[in-house]
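The values are calculated or read from the model by the stated rules, or taken from the named source; none is laboratory data. Model, not experiment: these values are computed from the prediction. Here the Cβ positions follow ideal geometry from the backbone for every residue, glycine too, while neighbour counts run over all protein chains shown. Areas reflect the complete protein model, heavy atoms only, side chains present, ligands, DNA and RNA absent. Shrake-Rupley method; radii C 1.70, N 1.55, O 1.52, S 1.80 Å.
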Amino acid sequence: MLLEVLYVPGCPNHQPAMGRLREILRSEAMDLPIREIAITDEATARALRFPGSPTIRIDGLDAEPVNDQSFGIACRLYLGDGLPSEKALRHAILAARMREAHL
């Protein structure tokens, strides 16, 4: 399972999102590396289809997909506490586990 956290350096929600993801992995007894990807320019943001900081992708899929198709250097707004939700992250991890089980 490939875990990626894309972020803009200085984003105040980057480390809290990392903490939430790590806590979920611990609770699921999963010890996986998390690849952090700093997005520092608009060209990279567009090339990686980056909807804003922080974005968590699991096996290349956004853990909390957005309908807005704009990409660039920006903060990403999530409902609630400003982080990807625990529910969405757990669902994305479970879906990735299911895909792996069927390979």
Original post:
Of all the accessible heavy-atom surface of the chain, with the other protein chains kept in place and a 1.4 Å probe, what percent is carbon and sulfur?
Top reply: 57
**OP:** Give, rounded to the nearest 20 debye, the magnitude of the charge dipole that the chain has about its Cα centre when Lys and Arg contribute +1 at Cβ and Asp and Glu contribute -1 at Cβ.
**Re:** 120
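Quick one: net charge of PHE71's neighbours, Cβ under 14 Å, K/R +1, D/E -1? Don't jump to the answer; show the numbers that get you there.
Numbers: positive: ARG46, ARG49, ARG57, ARG76; negative: ASP41, GLU42, ASP62, ASP68.
So the surrounding residues net to 0.
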Original post:
Using the heavy atoms of the protein chains alone and a 1.4 angstrom probe, what is the accessible area of the chain per residue in square angstrom?
Top reply: 59
**OP:** Report the residue, chosen from PRO54, PRO16, PRO33, that carries the largest GNM mean-square fluctuation when the chain is represented by alpha-carbon nodes joined by springs under 10 Å.
**Re:** PRO33
Original post:
So for the chain, Kirkwood radius off the Cα pairs, Stokes-Einstein at 37 °C and 0.692 mPa s: how many µm² s⁻¹?
Top reply: 237
